[in-house]
Each structure stands twice: as C-alpha cells, then as structure tokens.
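Asker: Before I ask anything, let me first share the structure, which is written out below as structure tokens.
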C-alpha cells in the first residue's frame, strides 16, 4: 500500500512543470498520501536532496515558469551504483512510489530503476518539443509555441521595415513541429524542418521569385535540427548565393523555455498531475500519463520513449497554400 | 460552377477572424476563384458594401485582433425583404458562393437564405464562448481564455496583497466553459457556472472555512450567465451575509474579445479557412467546418446551431480536488 | 545610532513595491543594519506581525506584482491608543527606524507617529495615481499605464470591428494623469478628466461630427473621478441623447493594479529603496524620497502629502491636435 | 513659406516610429500643410518613392511596431550625385521642408544636404540605444528595454531551474545603457558594458564566490560592444577557466527592435512629432527635437550627432549594492 510518494522534475525545464507539481501534491494529500519533493532530478535523488511538500508549499506556483524543484543532469544515475544509492535514499525516506515529470530520457531512467528495484514510477510528459509517442500533448509545448510566435511577430516588424529576410531558429533537434506550427501562425514564407526536404526547394523559389526587395520581407523558420544545419549555416549559404539580399539570423534560444504557462499548459498539467496519482492508487507502474483527443490516456514507458517525429502533412500543405 | 466567392464576418468579433479571412482568400485564389469581402456582416450584404480581395490585401492581418471586414447586427436581414435585397446584391456582384465566419445566429441566417435563394454557404465557427455543437473548437476561444488568465493573474497580485476576495466575471451568458477553464488555470477558489449548482455550496464552504483573513486571498470566477445573477449581484449578497469580508468585483468585459490571436487560434483559423474553400469546391453547402480531435469535420448548419452547453464534469472534479 | 530597521507597505498595492522591499533590505544589510519586515501595514505594526528579512528572503521578488509583505487598512492606527501599541511593538522588536512604502495616507500616519514617539520614518512613494507633490514619479504608475494601454488596444480591436463607441474608465479619483496619458498613447478620441471641463465639449463635437458610424470607432477615456460621474453615468447620458449610437462601457478596475512591474518601475523602486537607507544613515526623518528630472530628491512628508493634481496642459493640447 | 513637408524614417527601425509619423502628419495637416511620406529612407528620396499622407492614412498605426514608411541604407546618398538627385526629387514634388526620424547617421545626412541645398530639416531621434547627445530620450529605447526585461525574466526561469549561468547579449555596440538598466531591472548578477572595466572583476568574484551551484543561478548581461568581445567570446573564456560551470549564451538580437511601443514611447513620439512641425513653422532648421527633464528641447544636428556614451555611475553603484 502506498502511503508516501515522491515527485520530481527531470531533463530540460518546461513551463507548466510547477502546475504539475502542485496538482500531484494536492491530489496526493486529498488521498491521504504524504508527499516528498526531490530537488534537482535524479542527481538530487542520489544525494537525498528531499523536501516535504504540504498543500501550502505549492500555493502560488501555478503561474510560474521553470520548476520550483529544479532539474539537473545526472551521469551518476546512469551507473548501477548511482541507482543503488538513489534507491537507498528513497527507502530511507520511506517513499513507496514516484511521479517523474520530464521527457524520454527521464522515463527511460525510471523504467530501468523500476525494474531493478520494484518501486512504481508514473511519468508526466513535459517537454517543449511535443515529440513523445502516445500523447498529443506534452507540458510546455503550448507556451513555447506562443513565446516563439510573439518573438517572430516582433521580428516581422523589423523585417518589414527593412525589407529583410530573417532566418529564425527555434528548438527541435529532431522534431519540426514547433517550427512548422509557429511558422504557419506567423505567416512564415518558408519552413525548414528535419521531416521534409521539399521545403529547401520552396526556399529557392522564394528567394528567386517570391521575394521582391522593395515590397516584401521574409521569415524563414528553421528547426534546430534541419539537416542542412542550423539557421546560421543556411543563412551563410544563402548569403553566398544571393549576395544582394539583406539576410539576418535570429536564434531564439532559451527564451522559448521560460515564461508563465498558457491556460492550456496549466490546465493539462493539472489534469495529468491528478491522473498520475490516480494511476498510482490504481496500482499502475512504468506508465506515462498522456492526453489524446482531449482525454487522459496511459502509455507504457517502453512505448512512450520511442520518440514520435511524424509531422501532419496537412499542415505542410496548408503552409504552401498560404504562400503560393 | 463556382467562379467567385464572398467572405464576411458576422456576430460578435473574435480574435482569429482575420486569420480566417486571409486563409479563405488565399485558398480561393490558388484555386482560381475570385474573392469579394463583404463589410459589416449581413447589413453590408444588404447594402452592397463589397470590396475585392487580392492576396496582398490580406497580407499582414494574420496577427491582428478584430476583423478587417467589420461586423454588425442587422434587423433588416431578419425580414424577407432584407434577404431579397441581400440576394440581389450578391447576384449583381456575380457571387456564386459565400463563406460566413461567425456564430450560431450567423449560421441560422445563412441557412434561411441558402434555402430561399439556392446559394451555397459554408460556415466557420468564430465565437469566444466555444459553445457550438459538433466542434471542439471555435475561433477566438483560446485567445479569450488566455486574456482572462492574464487578467486574473494580475488581480491575484492585488487580492493577495490585501487578503481580499474578488468576484471576477467573464463572458459566457449560457456557457461556463470559459469560467471553468480559466478558473482552473488561475487556481480560482470557487467557480460559479450556469451548468452546475453545486458550486454555490463550495462558495459557502470557502467563505466559512477556507478563507483565512490574514493569510489567504480568494478568486471566485463567475460566468456572466450564472443563474444567481452576475458577479455584482452575488458579491452584494456575500457582502450582506459576511460584512467583515473585504469583497471586490471585477468585470472583465470587452478586453476578452480583442488582442492578437494565440498560435492555436491562428493555425486553426487558417486550417478552417482552407477547409471552407475545399468544401465549396466539393459541392458542399449549409455546412459548418469544425475541428474535433484535431481533425477537420463537417457539421450541417442545422445541427451546429443547436448550442452545446455541456461541461466536462472531470474539470469540475479536478477543480474541487485542487481546493479541498 | 541605527542598528535595526523595519520596512512595510501600506495603502493600495502597486507593482514595484516588492522591488522596493528588496532594495531597502539589501541596502540595509550591506550597511550592517538588521531588517524586519512588517506584514499588513500599520495594522500588522500594531499586532506585531513581524518577520526577519535576510538578503535571500528578497531574492526572486523583483519581478513580482503586489507586495510580499501584504498591505491593509487600519482604523485602529488612527487612534492614539493604536499608535501607542504600534510603538510598543517596534520598541519590543528593537527597531530604530522605519521605511514606509505607500501613498499620502501612509505618510500622514508616519508623520503623526514620528512626532509622537521620536522614531524616524522615511517614505517611498508607491501609488499608481502618480499624484504626490514633489516627485515626478511614484512606484507603480508606469506599470499601470502600460496595463491600461494594453487593455485599450484590445478594446480598440472590438470597437473597430463593430464601429462602436467605448467609454473606458480608468483609476484616478482625483487625478486624470493616467487617463490623459493612456488616452494619448491609445489614440483615444476624447479624454474626460477631473482637471478639465473642456473635454465635454470635445465629446459633443465627436458624437455630432467626428464619429461616422460605418467607418470609425471611438474610445472615450474616463478618469474615475470625472465630475460628470464615472463612465457608466456618462455613457447612460450619451445613450439617452444619441439613441442611434452603439455605446459600450468598460471599467478596467483592478487589472490596473497587478502585474509584473515594467523596467522603469523596477529600476526606480530599486533606486528609491537604496536612497531611503542612505537618508536614514544621513540622520534624516519624516522625509519622502522622490525622483524629479531623473534625480533622487528629498521631500518633507508635510509637503508631499499635499496631493498634486495638476495636469500638463501641453498634453491636453497635443491630444486635441491629434483628433482635430 | 512652407506649404508642403515630407517625412521619412531612416537607419535602424525603432518601436514608436509609426507614432511619430502619425503625429507629424496630423500636426502638419492641422496647420494647413500638405504631407508627403518618403518610403525607404534616403534611398527612397533619391528614387522619388513618395506617397501622399492624409490624416486617415496614419489612422491605426500608433500601436504598431516598425515603420510603415520602411527604412533602408543608402550608399548612393553619401555621394554628391545621390544628394543632387534626392534634391531634384524633393523639388519636383514641391516639398519645402523635411522631418527625418532616425539616429545620428540620418541627422548627419540631413545636415549635409541642408547645407548643400538650403532645404530645412528637423530631426526626431529614434534609436533603441538612447545614445544621442542633448536628449534624455530617444524613441524606441523604452520598448526595447521592456522587451529585454521580459526575455530575461523568461531566461531566469530556466537558469534557476538548472542552476545555470547565462550570458545574455543585448544591443548597444558602443553604449551600455540598455544592458545596465535591464540588468538592474532583472537582478542580473553581473553587467558587462563598454563604459566600465570594473565589472570584469565583479564577474570573477561572482564565479569564484557568489555562485553556489546547487542553490543559485546567474544572469550576466553583456552589451554587444563590451571590449572583451560579445557574449559568445566571454562565455567561451569562462568555460575554459571554469569547466565545471554550466554556462549558456543567449543573444537577444532583433526581438529587441520590434513589438508594440510602450505608453511612453507612443506619447513621447507624439510630442516630438508635434514639436517638429512647430519647429518648422518657427522657421527652424538642422535641429533635433529632444526631451530632457520631460520638456521638449532643441539641439542643433551638429551637436546631437556627437554620440553620448556616458553612463550614470549611480546606476553602477546601485547594481553593485544589490549583489554584494
């Protein structure tokens, strides 16, 4: 029987993690469970960096970006010795089950440890890339998307004023969803993503025909992981081939991670936090809570960690249609 | 065969209407259709207040709130004579089909006129209430939701500083979805909506037990249409019954309508605009374009105009769980 | 010699109060002073609701709206007995001097108490009305101004979409500065403020000539304290006299108070917090720190509490010029 | 006698330029002057890229970032032949006087041309660097400052979550004002600016003593022009010397340029636009309009173009005090 749970955040931070911590804590307390927060992810687990969480400790964090429990990488946790020590810390603190808020790396770690030490883990997906298998939604994506859109709207102001072409790089090493969606939302002329080559042809078309120096501006969205290299490299190439064009680069970087979460990220993080506690009470383990078609779903870690990089081709078509 | 279409906005304005106008216009042009914008809704249709729309005319409107074509009420259109005149104007302008962007009143008008004059109408739902039957999503809801959340976050700052209780009234005469969702997103202590009576009990509980004057603040979300009356009336009652409490009212009003649309409202408005043109080319009529489970769906006007006021009871449960 | 100071916030909350608390605390600590925070204004002083403040206690509050020390009204402090008790609490806590962050009422209280009990008070002006004598600037005004502008930009979207006239009421019971400045910033057609009658003539001109129903919208800014009554009352009168016009009212209310402070409010609050500690170390008392022509100034409480309601007539002229 | 004026924007775009264009246009029209807009700066002047401006043409631009008249570089204008052609275009269009909105380069050009061709120019300073001599204020600085603060607040969320140190590069090739002010507003631990060497010592102190890995984060603001090189180069050096630290770089870039102007930028741009027309009617020329101590001032171009890079040392002291 579960009497005490731990909750922690792991991997890259994402807006809405605090909302999930709050929901996990409050749902647990209502169900008579005690709650421990683990600071700094798996590394904090190994070091026993624990803090008791009462309902009032998670008051006023719903709207804050980042994670109050911090997050960190841990090379030590990749070793059997590290996990052994982590387990001893959990045992010493009398923790019966764990909720991990993070991405695929975090869930892989949870799966390994759960198999080695028979302690149940439930996962809540939080990553601004929204690339987990089995869920339509991961915490933070929506906020990151709107942060990108707000930034690109500003860049468009200056692009238009100068008739310039901007290559704007957004996060997504292996996934182009953020670039594609924000690109459509901002009316980007071209969107370069790892999932599609075709857009490089669109870029050439735009540079040769679409762009008219005195009249138009250009926003070219670039996913970090586009195979032609990041925005810097692509812009360099374009500058060499079209020395007459006024080409600039903007790498949005970490402003995509922070900020107060959007309504959706707060509500869904709350829903998933509650569902995580329910799953533990239902005797589940090694399971990621997801949301698909607006409904809570349960996905085994082993499935969820197979990243999903498929792109809705309709979105690509719609983008082309808007820029023909 | 359709050679020329008209597009217009009708009813209350909603952020993202411009994105839909842009998408309709560009998708039509790519498909060799000519496009006419009708200004000021059905009234403009009657008066022949038309403007030709080229691709460049809808450039740079994607991120703007409101509607470039304006919108208006029309009592005249409710008469047969008014609709007759509207039809003559469309005929004179050689318009073969119409895309109407609006809510249930707008679609009812379209249905009547379409039956009387055999001119196909396709609808795109745009209303911040998100209460149309047959679609998960209507243009503007998402932006309004985030505007409410932003405003309530500010009100929370001042509520907390004074230990005050605020009754915050949001739009939704017959639908509590906006109040419920924003309430969860803002950590509202109580949420009063027309779909549920139970929350008035929660309010009493909160006022008697939950609220501790020196330590806590209170946000009570109130949907316009709560049967106990709006926020003013409820606050008055509470003030009479609890004269010691520091009670304030904030009616968010029209700031919920405007503003630059969120990413989702821009992308979905774009998708629905494209789908509307496709529907016309597919020989459809009297059909609303919707989005359900992230997919485009087609809903006959006659079904769509039956408003949907059901609330996800899970959301109510989650709210209670967070505030027990 | 001063060894320990207290700091508190009083009166209506204003964005930037936290930045001032942080600056007072840190500047005091660097100067080897101990710091006590008094919670809930003068009422907390009477009740001895004190909290020790270290440098780390004020970390991460710079960007938060509201006040971490809360604020409250105190009828008790208006009595000699209340102030006696407040003094005993300060004495018991070994507090040698006090920094009060608030408005004219707060400074009047400080002046009375300082004269009765010979304990030095230094004031930092924080009020969104910006109506203190002897300083160009009060904490919170700048943030409130930008909150108003953001809200009115949204209202303009919907006003323009419908060709409507909006009466927008902003704070300022006796001072029209916020209405005047935000009105110019938003391109308001008419601005009704307590300092000038002339604008009612402008309103009539606008309603009769300036406004053209199908083409234009109207934003009429109204300061709470306009002698013709608030926005509701004026709009009612206009509706009676011009029944054909589509007139709406929006009362911005408490969303003007909260929110993360602007850069200027954070920087000036920091400057004034440091200057308050310097003033105490310089053996000053009963003095308000102000900023005039971007320089720190010192104004005796007795002068500062005479409210300043003068309006820059140039701003009124400029407004008229933009709308002729 | 002046009957027709031209207005244009030149150099880098800045938020508030549109507000200035609107004010110049409307103030001119009220004074019975005709107004021509020159598109794309001096290059557009040479090419005769002119557009007539009526009052309604500048309606609805007050709140938009960028410049509706666009801006461009012009190598041609640096030649006598280019200026000769520009003058012929002005003469052909019967333009009697010109208002130029831009920075020091733009005013230098205006001074040269005015001397060669006896056509009066009045300047309005618009540059986000706020480094013009003779004015406290230039259009766009305030908005850029708040954009930086908003971005750094987001970066702080992620920095804190990971205990990371971020080097954040902001604009200001030769001026550190933006870095210094935003640094204080965001509670930056260290601020590296071209005007002061001392801060590199502060950086070393912070890295050796102030920063505690598990507890704290660090924001190091870097002005583009810091002599140790940009943020990339400094971060590289720090990484080499402190390989154990988790160091990241964020270059804010062009998001600092765009966006809807703040209230102050809108109001001051309006005031300066009106003052520019007044100056022309007062028979002035080769004069920049400035604002000092909140009053309009007039500064000869020849003085204004001597850039002002002095920093308020009090601000540096205050920053140190907050981080000791």
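Asker: Could you please tell me which pairs satisfy a Cβ distance under 7 Å, a separation of 6+ or placement on different chains, a first residue in the stretch C:244-259 that is at the interface with chain B (Cβ under 7 Å from one of its Cβ atoms), and a second residue that is assigned to a strand (DSSP E or B) and surrounded by fewer than 22 Cβ atoms within 10 Å (Cβ to Cβ)?
Answerer: If the second residue must be assigned to a strand (DSSP E or B) and surrounded by fewer than 22 Cβ atoms within 10 Å (Cβ to Cβ), the pairs left are C:251/B:251; C:254/B:248.
Asker: Moving on to the next point. Among the residues of the stretch C:75-86, write down those that are part of a helix (DSSP H, G or I) and within 27 Å of the chain's Cα centre (by Cα).
Answerer: C:76, C:77, C:78, C:82, C:83, C:86, listed by residue number.
Asker: Next question. Is it the case that residue C:132 is over 26 Å from residue C:175 (Cα atoms) and assigned to a loop (DSSP other than H, G, I, E, B)?
Answerer: no
Asker: Could you tell me how many of the residues in the stretch A:1-11 are in contact with a helix residue (DSSP H, G or I) (Cβ under 7 Å, 6 or more places away or on another chain) and at negative phi?
Answerer: 7
Asker: Looking at D:222, D:148, which is the one that is under 19 Å from the mean Cα position of the chain (by Cα), closer than 21 Å to residue A:255 by Cα and part of a helix (DSSP H, G or I)?
Answerer: Every option except D:148 fails the conditions.
Asker: Out of everything in the stretch B:16-69 that is away from chain C (no Cβ under 13 Å) and part of a loop (DSSP other than H, G, I, E, B), what residue ends up being nearest to residue B:129 (Cα to Cα)?
Answerer: B:62
Asker: Ok, one more. Of (1) assigned to a loop (DSSP other than H, G, I, E, B); (2) surrounded by fewer than 17 Cβ atoms within 10 Å (Cβ to Cβ), residue B:72 satisfies all except one. Which?
Answerer: (2)
Asker: Every residue in the stretch B:204-243 that is free of Cβ contacts under 8 Å to residues at least 24 places away in the same chain and surrounded by 18 or more Cβ atoms within 10 Å (Cβ to Cβ), please.
Answerer: None; the set is empty.
Asker: For the stretch B:140-153, indicate whether the set of residues that are surrounded by fewer than 24 Cβ atoms within 10 Å (Cβ to Cβ) and within 30 Å of residue C:38 (Cβ to Cβ) is non-empty.
Answerer: Scanning the stretch B:140-153, I find at least one residue that is surrounded by fewer than 24 Cβ atoms within 10 Å (Cβ to Cβ) and within 30 Å of residue C:38 (Cβ to Cβ), so the answer is yes.
Asker: Now for a separate question. Which members of the stretch C:310-324 meet the condition of being crowded, with 17+ Cβ neighbours inside 10 Å and either under 17 Å from the mean Cα position of the chain (by Cα) or touching a residue at least 40 places away in the same chain (Cβ under 8 Å) (or both)?
Answerer: Once the filter is applied, which keeps residues that are crowded, with 17+ Cβ neighbours inside 10 Å and either under 17 Å from the mean Cα position of the chain (by Cα) or touching a residue at least 40 places away in the same chain (Cβ under 8 Å) (or both), the stretch C:310-324 yields C:311, C:315, C:316, C:318, C:319, C:322, C:323.
Asker: In the stretch D:293-300, is there at least one residue being surrounded by 24 or more Cβ atoms within 10 Å (Cβ to Cβ), at pLDDT 95 or above and more than 14 Å from chain A (Cβ to nearest Cβ)?
Answerer: Checked the stretch D:293-300: no residue is surrounded by 24 or more Cβ atoms within 10 Å (Cβ to Cβ), at pLDDT 95 or above and more than 14 Å from chain A (Cβ to nearest Cβ).
Asker: Given the structure, is residue D:187 in contact (Cβ under 8 Å) with a residue 24 or more places away in the chain, farther than 17 Å from residue A:257 by Cα, surrounded by fewer than 24 Cβ atoms within 10 Å (Cβ to Cβ) and more than 9 Å from chain A (Cβ to nearest Cβ)?
Answerer: yes
Asker: Here's a follow-up. Could you please let me know if residue C:173 is closer than 28 Å to residue C:11 by Cβ and surrounded by fewer than 16 Cβ atoms within 10 Å (Cβ to Cβ)?
Answerer: yes
Asker: Being in contact with a strand residue (DSSP E or B) (Cβ under 8 Å, 6 or more places away or on another chain) and at pLDDT below 95 narrows it down to one of C:11, C:60, so name that one.
Answerer: None of the others qualify; the one that does is C:11.
Asker: Could you tell me whether residue A:166 is under 24 Å from residue A:229 (Cβ atoms) and in contact (Cβ under 8 Å) with a residue 40 or more places away in the chain?
Answerer: When the stated conditions are applied, residue A:166 passes them.
Asker: Assuming residue C:304 fulfils every condition listed in (1) within 13 Å of another protein chain (Cβ to nearest Cβ); (2) in contact with a strand residue (DSSP E or B) (Cβ under 7 Å, 6 or more places away or on another chain); (3) farther than 24 Å from residue C:155 by Cβ; (4) modelled with pLDDT under 95 apart from one, which condition is it?
Answerer: Unmet condition: (1).
Asker: Only one residue in A:72, A:20, A:86, A:14 is closer than 22 Å to residue A:274 by Cα, touching a residue at least 24 places away in the same chain (Cβ under 8 Å) and in contact with a helix residue (DSSP H, G or I) (Cβ under 7 Å, 6 or more places away or on another chain), so which one is that?
Answerer: Exactly one of A:72, A:20, A:86, A:14 is closer than 22 Å to residue A:274 by Cα, touching a residue at least 24 places away in the same chain (Cβ under 8 Å) and in contact with a helix residue (DSSP H, G or I) (Cβ under 7 Å, 6 or more places away or on another chain), namely A:20.
Asker: Would you confirm, using the coordinates I've provided, whether residue A:168 is touching a helix residue (DSSP H, G or I) at 6+ places or on another chain (Cβ under 7 Å) and in a helix (DSSP H, G or I)?
Answerer: Answer is no for this residue.
Asker: Same structure, new question: Give the residue that is farthest from the other protein chains (Cβ to nearest Cβ), with candidates limited to residues of the stretch B:87-117 that are assigned to a loop (DSSP other than H, G, I, E, B) and surrounded by 19 or more Cβ atoms within 10 Å (Cβ to Cβ).
Answerer: My answer is B:95.
Asker: Just checking, which of C:217, C:182, C:161 is under 24 Å from residue C:104 (Cβ atoms), within 12 Å of another protein chain (Cβ to nearest Cβ) and in contact with a strand residue (DSSP E or B) (Cβ under 8 Å, 6 or more places away or on another chain)?
Answerer: C:182
Asker: For the stretch A:243-324, please list each of the strands (runs of 3 or more DSSP E) lying entirely inside it that holds at least 3 residues being under 30 Å from residue D:72 (Cα atoms).
Answerer: A:247-251
Asker: Taking residue C:226 and the conditions (1) away from every other protein chain (no Cβ under 14 Å); (2) modelled with pLDDT of 85 or more; (3) in contact with a strand residue (DSSP E or B) (Cβ under 7 Å, 6 or more places away or on another chain), which numbered condition does it fall short on, given that it satisfies the others?
Answerer: Result: residue C:226 passes all but (2).
The values are calculated or read from the model by the stated rules, or taken from the named source; none is laboratory data. Quantities reported herein were computed from a predicted structural model and do not represent experimental measurements. Note that we place each Cβ from the backbone using ideal geometry, even for glycine, and neighbour counts take in every protein chain shown.
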